[in-house]
Amino acid sequence: MTTQRQLSRQWVPMVGGSCDVRMGEDALHSAAKVLRDSVGRPHVCVVVMRAGEDAVLVEDIRRQVVDAGFEYCLCELQAPLRTLEAASMLCDALIESHATADDLCFVVGDADLTSVASFVCGAWCEGMPLVAMPLDEVALLEGALVPRSLGVGGASRMLSVRPAARHAILDLTRSLSVLEDEASRHARVLMVGAAMASSEKEFSELWDRAADLMADDGATLCTQLIATAKARGKLAASTAAAMRSSLRFGQSFAWALKGMVPDASFATLLAEGMRFCARISVAQGKLPLDDMLAQDELLEMLGIEVLRAHVSADELIAAFEAERRKRSRRNMLEVPLAIGRVRLATVEDELIEEHVRAWCMSHAPEV
């Protein structure tokens, strides 16, 4: 992959302020200054990583922390990470290291790990500075800037997480996935979702970049990552609940499908959720058919295939109903009203059942 060699710096909007995103080849080498500038005076820096992370990366991180003048403390967390239990383990590590609001946390990892760190640091001693180093594209989009929700007591995705990282370092030599990787595919689906929820301009620009993205052009990927990060950040920081809800576009159907097709990649499931919601909107007379087809084509251009699987319509209807009612008693669904506008809309159960049955028939594997 060809990449930008110049270190770029972008301020990305997020809930409660903005995040300073530094992106470039070997960007990790600038980490010491970022860490030092994140606090008034260096004391303790708790580095949060997955257990079993690459030893070379761990050593490079340690050197940057020490060079910045911090006492280095390593906290290694094991999966599953997207839980309150993982957050409790991080709290134990902060207690052991005597970390306070005047100290620093440096999280290096994927979206789940970064979300856990955001949850804890946002509340620790009324707020502990956090610097994030995403190790893939999704960790930037769904970890550092718009963190994932955490599960508790066996119930997944129940605790919303506010972003806490005010600095993010994206090292292009360590953090870009190859096109076939799940993280890359997931990021491309998030790009489409953000464009569908933001504006026609965002959608058109992503459309124009699609060929270069699929040609593995690193400069184009960096440009689009920043564009998507800004779009998602603006949506998350909106004072309008209807705008914020658009970040969940396609997720309810995707999570319902996950229980039916557990081996399918979440990128594929999320794309199916977006396609399904678009068809619901067309059936309601809200989304123009051409806009639905444009979304379909853009997903195809970005290499996101259509799922083929045997799924019980009755089971999927029940799972979809449970997923939609899990966090709200309102019978609503995030649907696109036009390219650049995704909103919550009331959807009749009969319409959903009709479309679920049609989906199951049309997505069955060909004989």
Check your understanding: Taking segment 114-127, which residues are hydrophobic (A, V, I, L, M, F, W, C) and either open to solvent by less than 10 Å² (accessible area, probe 1.4 Å) or under 18 Å from the mean Cα position of the chain (by Cα) (or both)?
Key -> VAL116, ALA117, PHE119, VAL120, CYS121
**Study point:** Residues of segment 23-41 that turn out to be farther than 15 Å from LEU170 by Cα and touching an Asp or Glu at 6+ places or on another chain (Cβ under 8 Å), as a count
**Key:** 3
**Study point:** segment 13-38 residues that are surrounded by fewer than 21 Cβ atoms within 10 Å (Cβ to Cβ), paired with ones that are basic (Lys, Arg) and assigned to a helix (DSSP H, G or I) (beta carbon under 8 Å, 6 or more apart)
**Key:** PRO13/LYS230; PRO13/LYS234
Review point. In segment 212-236, what residues are more than 15 Å from the chain's Cα centre (by Cα) and outside any loop (DSSP other than H, G, I, E, B)?
Key: ASP212, LEU213, MET214, ASP217, GLY218, ALA219, THR220, LEU221, CYS222, THR223
Review point. Got a sec? Which strands (runs of 3 or more DSSP E) wholly within segment 1-79 have at least 3 residues that are at pLDDT 95 or above?
Key: 17-24, 44-50, 71-77
Practice item. Considering only segment 196-219, state which residues are open to solvent by less than 20 Å² (accessible area, probe 1.4 Å) and at pLDDT 95 or above. Key: MET196, ALA197, PHE203, LEU206, ALA210, LEU213
Point to revise | Single residue of segment 89-113 satisfying the filter (open to solvent by less than 60 Å² (accessible area, probe 1.4 Å) and in a helix (DSSP H, G or I)) that is farthest from VAL58 (Cα to Cα) | key: CYS91
Point to revise | Tally, over segment 156-179, of residues that are part of a strand (DSSP E or B) and more than 27 Å from GLY24 (Cβ to Cβ) | key: 4
Review point. With VAL342, VAL335 as the choices, which residue is within 30 Å of SER204 (Cβ to Cβ) and touching a Pro at 6+ places or on another chain (Cβ under 6 Å)?
Key: VAL342
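The values are calculated or read from the model by the stated rules, or taken from the named source; none is laboratory data. Worth saying up front: this structure is predicted, and the values here are computed from it rather than measured. Methodologically, a virtual Cβ is constructed for each residue, glycine included, from the backbone with ideal geometry; neighbour enumeration extends over all protein chains shown. Remember, those area values only see protein heavy atoms, side chains included, never the ligands or the DNA or RNA. Shrake-Rupley method; radii C 1.70, N 1.55, O 1.52, S 1.80 Å.
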